[in-house]
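Here is the structure we will look at.
The values are calculated or read from the model by the stated rules, or taken from the named source; none is laboratory data. Please read all numbers here as calculations on a predicted model, not as lab measurements. We place every Cβ from the backbone using ideal geometry, glycine too, and count neighbours over all the protein chains shown. Accessible surface is based on the protein model in full, side chains and every heavy atom, while ligands, DNA and RNA are left aside. Shrake-Rupley method; radii C 1.70, N 1.55, O 1.52, S 1.80 Å.
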Amino acid sequence: RMQSSRSKPCSCPSLKLREVASMYFTLVAAFLVILVVALQGSVPRQSDFPYKVPLDPQGLLELSWNVSYPEQAVHFQLLIRELHFGLLFGMSDRGEFENADLAVLWSDGHNSYFGDAWSDAKGQLHMDSQQDYQLLGARRAPEGLYLLFRRAFSTCDPKDYLIEDGTVHLIYGILEKPVHSLQAINVSALHGGLQRVQLLKPNISIPQLPRDMKSMEITAPDVVIPSQETTYWCYMAELPEGFPKHHIIMYEPVVTAGNEALVHHMEVFQCAADFDSFPRYNGPCDSKMKPERLNYCRHVLAAWAMGAQAFYYPEEAGLAFGGPGSSRYLRLEIHYHNPLVFKGRRDSSGIRLYYTATLRPYDAGIMELGLVYTPVMAIPPGEDSFILTGYCTDKCTQLALPSAGIRIFASQLHTHLAGRKVVTVLSRHGRERQVVNADSHYSPHFQEIRMLKEVVAVFPGDELITTCTYNTEDRSRATVGGFGILEEMCVNYVHYYPQTQLELCKSAVDPGYLHRYFNLVNRFNDEEICMCPQVSVPQQFYSIPWNTFNRDVLRSLYGFAPISVHCNKSSAVRFPGEWEKQPLPSITERLREPSPRCPPSPGAQPAAPVPLHLGQLRRD
């Protein structure tokens, strides 16, 4: 602004010396202020860092961030409330301190340093030859030390983590003693942990909200959080008698102050309309005192996980609740993560629903994609990366979707404990066209409904293919599909509009072909194993000796055998048609893996830490 306001030299009147000197010193002072702010950093406005999550259970480390898609970079602000002798912050594949990509702040008790480092397979730290965590500033404030730094999504440095869509496992470690060098840090002795977040939030504009919008809070009634590491708490709520049909148009979390690090995720479910009433309940979800009927409250109205913001429906659609054919009963489920086993902590967290009586043009719907919950889909033990795929076939979408198609705007991926990756791809005429949602670092402990970066249009005749990757290295027997936590699922709950009758579009291998597999295994086996029809499918899988041959044949069976397709209406009745022994969809053209975009090199930066003047750091 200063430069643009200067006049051209030819039209400049002569300035008095005092005015020139005054302008000069003003410019110098302004430059110094800018320089100090740039070097020291400042606490930015809250809007500069819209996303925030506590890293540790006590809330002593608080991470805020923003995402710049034009720059392809994430800006981090880390608040350290009690600084000892530094800390490690970084990312790794699944939250390990080995093979991690790290930003490290450390002190020898007199001088402090910041640097980009990596850890090897043994957890030994090394200064990175390419310094890609760029320090932007450090500033002390009454509440603690603020560190500001930047990191590009992709650095093309083999030692760096590629920041991509989906879950990111953040790790932290607190240095409680001075260290004389980066290499002297013993990772195994650190007080540390991990936090899962979706770093790359979609850049979505907030829709216009109606004037008649009302809100309703579904919250826990001042419960005492149990003094154990993991608790799922269930609370039954109900809508007012005669509550007419409304559209939910957004929702957001309500977290009790002080419990931000304990409330891990929350969901609100609507109960089945088949029952006139549901019993009241307020207690642990796994308690024997929980009424059996609460298991019929499974229709998701809202889901939030730590680090998530408010969820908005598109302007033209809302999620219907209330009115005829809709249950008045709702179940709130809160996952409390209390690793420090705090006692007597009270909580009234929950979800605030915003709704309108002015119905939008379309009802939003939720459709299940992936695998049917059946034991015919199984994973051998000891596998580091076993893949299962579920199909929503062209035959089903041709029959069930309107000619104008549907629009998918959000997605919630779901597996049980062995799930490691989930991806759903849209295929048209045998060609993969678009990724609907993908999570290459998926964790069953971090499930949220995620708004998509762009709406996905699905037309009659399209195929939706959901692939899950599992790890069973810690298991000694086969893992079969099913509802149990040690059984497996592969599901993508897609949120779309306009709502159709199609509620479930999934598949499983044809049972006849699986029976042939069991016969083949029996024929090549040294010992006679009973593979008789009267023995259950899980029992047959459990009795298989898992040699390389049996593993490879099962893998190839799932890759070629016909499938049983479940093309179901909301009443769990299939659409009319022949759905057994259907051929696997043929894919003739795959999507190309996106190649990482390397940022322009800032020039050779020496692999040296940045000195920081933080004064004498704390000794306990």
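Overview of results
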| read-out | value |
| --- | --- |
| Summed side-chain charge close to L426 - residues other than L426 whose Cβ falls under 9 Å, Lys, Arg +1, Asp, Glu -1 | -1 |
| Label-point separation in nm, I206 to Y542, each point 7 Å along Cα→Cβ | 5.3 |
| Contour minus Cα-Cα distance for A121 and S385 (0.36 nm per residue) | 93.1 nm |
| Answer label for Rg and Dmax of the Cα atoms in Å (calculated), chosen among [x] 36.6, 104; [y] 29.2, 96; [z] 28.1, 107 | [z] |
| The range 126-274, accessible surface, carbon-and-sulfur percent (1.4 angstrom probe) | 48 |
| Check: the chain dipole with +1 on Lys, Arg Cβ and -1 on Asp, Glu Cβ, in debye | 1620 |
| Value at 222 nm in deg cm²/dmol, rounded to 500, when DSSP H runs of n ≥ 4 in the chain each add -39,500 (n - 2.57) | -3000 deg cm²/dmol |
| Apportionment of accessible area to carbon and sulfur, the range 364-592, percent (1.4 Å) | 51 |
| Rounded FRET efficiency, nearest 0.05, which uses the C-beta distance separating H180 from V573 and R0 of 51 Å | 0.10 |
| Where labels lie 7 Å past Cα in the beta-carbon direction, separation of A272 and L557 in nm | 3.2 |
| Efficiency of FRET from Cβ geometry, F549 and R431, R₀ 41 Å, rounded to 0.05 | 0.75 |
| Residues of the range 364-592: accessible area per residue with a 1.4 Å probe, Å² | 43 |
| Residue among G115, L55, A138 farthest towards the positive dipole end of the range 36-155, charges placed on Cβ | A138 |
| Assigned charges on the beta-carbon of Lys, Arg, Asp, Glu; the range 209-360 dipole about Cα centre (debye) | 200 |
| Projected label distance in nm at L399 and Q72, using a 7 Å step from Cα toward the beta-carbon | 4.5 |
| Gain in span if fully extended, M213 to S188, counting 0.36 nm per residue against the direct Cα distance | 3.8 nm |
| Cβ charges +1 (Lys, Arg) and -1 (Asp, Glu), total dipole of the range 364-592, debye | 560 |
| Dipole-positive endmost among Y470, C490, N519 within the range 430-519 (Cβ charges, Cα centre) | N519 |
| Top positive-direction residue, dipole computed over the chain with Cβ charges, set L125, V423, I80 | I80 |
| 25 Å Cα-Cα threshold exceeded, pairs from K245/K569; K52/K290; K395/K569; K421/K453; K159/K421; K122/K159 | K52/K290 |
| Length released on extending from R140 to V341, taking residue separation times 0.36 nm less the Cα-Cα span | 69.3 nm |
